[in-house]
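Since every read-out is calculated from the coordinates, none of them should be taken as a lab result. Keep in mind it's a predicted model, so treat the numbers as computed, not measured. So basically every Cβ, Gly included, is an ideal-geometry build from the backbone, and we count neighbours across all protein chains shown.
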Ligand SMILES: Cc1cc2nc3c(=O)[nH]c(=O)nc-3n(C[C@H](O)[C@H](O)[C@H](O)COP(=O)(O)OP(=O)(O)OC[C@H]3O[C@@H](n4cnc5c(N)ncnc54)[C@H](O)[C@@H]3O)c2cc1C
């Protein structure tokens with residue numbers, strides 16, 4: 001007997017779909033390869049649209065210890081500019097966020113299998129093979145594997161970036177410097193983002209083009225280059241000791257799923273990958289997970305192709321603007337121009353942050 005809905009991946013997208021389906025009375029099956037949510041390569045920035053989506057799902061990030069963020073600081077070499085965000089945002093570790101979401105899915109009645117990966121999918125037969133050989137047939141499949149490809153439905157892309165993440169221990173200097181803001185250090189072919197997490201530690205994430213990382217010859221030599229190219233970043237990391245980085249390769253910024261098969265909903269990063277410096281990936285994951293689930297509840301698996309096209313349209317503009325900003329920030333001349341513009345008219349920075357959201361408001 002096919003299950004009514006199978007969700008592959010228990011990140012924000014998969015859990016949002018599971019919560020929405022389960023609360024509507026459908027018992028979805030969710031398969032997540034980790035037993036416990038890992039820290040994950042992510043900046044941990046929750047925009048105002050992500051906060052609204054979490055509220056709709058019944059999750060209160062402030063009760064989980066999220067730190068409020070109302071401004072952003074851009075730093076490129078010796079230049080610094082600040083601007084207000086359009087609305088209040090938050091910093092929260094992915095481990096805490098993902099745990100709360102998957103727990104809410106279980107509490108809502110989803111059938112969650114952890115510690116099992118889906119190995120391959122047959123989109124036409126709508127079957128999925130798990131690590132242990134189990135084959136699950138489903139009326140609808142929600143592909144929510146995020147940054148990871150699924151054999152049978154892998155995303156096609158040519159250019160990609162590498163994401164890195166580490167935690168810096170709590171320190172009075174970082175607590176003071178980062179209170180109430182997210183800080184972005186811009187350098188050639190990438191950036192680093194810093195924010196405070198619920199336990200007082202600092203989340204440090206880096207995004208760098210695959211080309212630059214391979215030219216540098218690895219993470220350690222790249223970091224050494226960055227320490228002289230971004231002295232303010234070096235100062236933030238000063239007392240922290242050598243960070244232990246988690247890494248993810250093959251991040252296809254700007255990629256969008258333009259279509260999908262009957263019964264297959266691609267959600268989260270499997271629907272659209274916004275430049276991480278925009279900080280809207282989690283909002284896209286939550287929003288797309290919940291809205292795909294509603295589309296399936298209304299129209300069954302046959303609603304998938306239409307829903308996917310409409311998600312593609314919704315993501316087009318914010319992704320294009322985020323790509324423009326990412327490319328501009330990665331090159332010296334446009335970067336200098338962007339910094340000068342935001343210095344003169346900080347509202348332009350605020351406006352740019354608003355334009356990179358898939359849900360406005
Ligand atoms: C460097 C960097 C920094 C970022 N910073 C931010 C930020 O600050 N704010 C923001 O909003 N966005 C940020 N993003 C984007 C954000 O991380 C993603 O958009 C978001 O995590 C997508 O959620 P998801 O649920 O689609 O996928 P994921 O969060 O990747 O979750 C996918 C889940 O599926 C599971 N999985 C994968 N494969 C399988 C399988 N075969 N079988 C079973 N389970 C599987 C994984 O274990 C994981 O739990 C950043 C991205 C990068 C690369």
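Provide the FRET efficiency to the nearest 0.05 for the residue 235-residue 131 pair, computing r from the beta carbons and using R0 = 35 Å. After rounding to 0.05, the efficiency reads 0.20. Does the stretch 1-48 classify as rounded, prolate or oblate by the C-alpha gyration tensor (a ≥ b ≥ c root eigenvalues; a/c under 1.5 gives rounded; else a/b over b/c gives prolate, otherwise oblate)? Since a/c reaches 1.5 but b/c is at least a/b, the shape of the stretch 1-48 is classed as oblate. Kindly express, to the nearest 10 degrees and within the range 0 to 90, the angle between helix 12-23's C-alpha long axis and the longest C-alpha principal axis of the chain. Between helix and principal axis, roughly 40 degrees. Taking every C-alpha pair closer than 8 Å and separated by at least 6 residues, the mean separation divided by the residue count of the stretch 25-150 gives a relative contact order of 30 percent. Distance from the Cα centroid of the stretch 261-281 to that of the stretch 59-97 is 22 Å (rounded to whole angstrom).
Counted residue by residue at 0.36 nm each, then reduced by the alpha carbon distance between them, the extension gain from residue 111 to residue 320 reaches 71.5 nm.
Angle of helix 281-299 to the longest C-alpha principal axis of the chain, folded into 0 to 90 degrees and rounded to 10: 20°. Cα centroids of the stretch 297-346 and the stretch 154-207: 20 Å apart. If both residues of a DSSP beta bridge must be in the chain, then about 65% of such bridges are antiparallel. The orientation-averaged projected area of the convex hull spanned by the Cα atoms of the chain comes to 16.7 nm². For q values of 0.10, 0.14, 0.19 Å⁻¹, compute log₁₀ I(q)/I(0) with the Debye formula on a Cα-only model of the stretch 72-223, without solvent. Calculated log10 I(q)/I(0) at the listed q: -0.57, -0.97, -1.22. Placing dummy labels 7 Å off each Cα toward the beta-carbon, the span from residue 331 to residue 347 is 2.9 nm. Calculation over all alpha carbon pairs of the stretch 133-200 in 5 angstrom steps from 0 returns a P(r) of 3, 10, 16, 14, 11, 11, 12, 9, 8, 4, 1 percent. Taking R0 as 35 Å, what's the FRET efficiency between residue 215 and residue 52 from their Cβ-Cβ distance, rounded to 0.05? Efficiency at R0 = 35 Å is approximately 0.30. Per-residue ellipticity at 222 nm computed for the chain from its helices equals -12000 deg cm²/dmol, with DSSP H segments shorter than 4 residues left out and the rest contributing -39,500 (n - 2.57). Expressed to the nearest 5 percent, the antiparallel share of DSSP beta bridges inside the stretch 1-141 is 65 percent.
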